[in-house]
Amino acid sequence: MSDLYTLVTIADGRKDSEAITEILQNIHSGRLKDDLKLLNFIREVPVSFSAKLENVARDRAELIVHQSQAVIMRHDKYTLIRSSHFPHDYGVHAFVAVANTATCAAILVRFAYVQIRADRRNAVRVEVHAKIAGTFSGQSEGAVSGELADISLGGLSIRVKGKVDVGIEEVGTFSCTLPGGLLEVPARVLKIIEDDDWQKVVFVIDAQRKMETLISQFILNEQVEIIKELKEHYL
């Protein structure tokens with residue numbers, strides 16, 4: 001998960017945990033405004049809901065959480081906590097001791113500060129597990145086709161088996177058919193990553209409003225389907 005967050009230390013592990021617990025206690029008591037939200041990722045898509053603190057002890061916090069969050073927490077065994085009261089705009093990493101998907105009760109332990117690196121992304125990216133074929137046609141070089149690997153509002157990548165006939169910085173048009181319709185956007189080759197007998201070609205795209213809506217709907221549908229799968233497994 002290092003591409004999503006990085007653990008950071010302000011004082012030391014014990015003192016940081018105590019400071020985090022004190023902030024949570026102050027939120028629970030009403031001395032600080034309750035703006036607590038939990039954050040998890042499904043195939044790199046963020047899932048974030050508010051949570052209510054029920055009790056805070058020296059080494060644990062008991063919460064009532066959204067059922068979808070409980071499902072994901074039970075799967076991931078961790079969650080990230082967001083609050084404006086944490087210093088330096090850090091989040092907090094916590095291990096999940098309990099995540100009851102029936103009662104939506106959760107117990108979090110072992111707190112540590114994190115820099116949530118995914119917050120710095122320009123757009124949410126989702127991994128694509130369905131087989132969706134896509135083609136990039138360059139303006140000065142050839143074309144390259146492959147399977148869509150991931151997509152965001154600002155970029156996408158395809159997995160290509162065999163030779164890639166385009167170069168870095170080549171500009172052109174990328175097209176594929178998403179469940180919601182035809183996606184056709186200006187694109188530029190950002191990099192090519194070798195992966196055994198496959199190559200991954202990464203593109204920067206310029207999606208206008210209509211294409212943005214198509215991509216956003218695809219990402220939302222992926223999120224809904226993944227949560228549905230998790231619920232079927234854990235509920």
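The values are calculated or read from the model by the stated rules, or taken from the named source; none is laboratory data. Remember, predicted model here, so these are calculated numbers, not experimental data. Virtual Cβ from ideal backbone geometry, glycine too; neighbours counted across all protein chains shown.
Has region 221-235 got any residue that is closer than 18 Å to Glu141 by Cβ and in the same structural domain as Gly155 (by TED's automatic domain parsing)? Full working, then the answer.
Restricting attention to region 221-235, the residues satisfying the condition of being closer than 18 Å to Glu141 by Cβ are none.
No, region 221-235 has no match at all.
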Residue check, Ser68 assigned to a helix (DSSP H, G or I) and hydroxyl-bearing (Ser, Thr, Tyr): yes
Among the candidates Glu194, Glu229, Glu222, residue that is closer than 30 Å to Ala105 by Cα and surrounded by fewer than 17 Cβ atoms within 10 Å (Cβ to Cβ): Glu229
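Do you know which of the residues in region 183-235 that are assigned to a strand (DSSP E or B) and of a type in the set (D, E, K, R) is nearest to the chain's Cα centre (by Cα)?
So the first thing to find is which residues in region 183-235 are assigned to a strand (DSSP E or B), and the list is 183-195, 198-205.
Narrowing the set further to residues that are of a type in the set (D, E, K, R) leaves 184, 188, 191, 194-195, 200.
Numbers: Glu184: 24, Arg188: 24, Lys191: 22, Glu194: 24, Asp195: 23, Lys200: 20 Å.
Within region 183-235, the match that is nearest to the chain's Cα centre (by Cα) is Lys200.
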Condition met for Ser29 (among the small types (Gly, Ala, Ser) and crowded, with 18+ Cβ neighbours inside 10 Å): no
Every residue from region 86-111 that is surrounded by fewer than 17 Cβ atoms within 10 Å (Cβ to Cβ) and not in a loop (DSSP other than H, G, I, E, B): Pro87, His88, Asp89, Phe95, Ala97, Val98, Ala105, Val109, Arg110
Considering residues of region 49-74 that are touching a residue at least 40 places away in the same chain (Cβ under 8 Å) and within 20 Å of Ile116 (Cα to Cα) only, the residue surrounded by the fewest Cβ atoms within 10 Å (Cβ to Cβ): Ala51
Long-range neighbours under 6 Å by Cβ, at least six apart or interchain, first residue under 19 Å from Gly13 (Cβ atoms) within region 98-124, second among the polar types (S, T, N, Q) and modelled with pLDDT of 95 or more: Phe111/Ser17
Residue count, region 6-49 (criterion: part of a helix (DSSP H, G or I) and hydrophobic (A, V, I, L, M, F, W, C)): 5
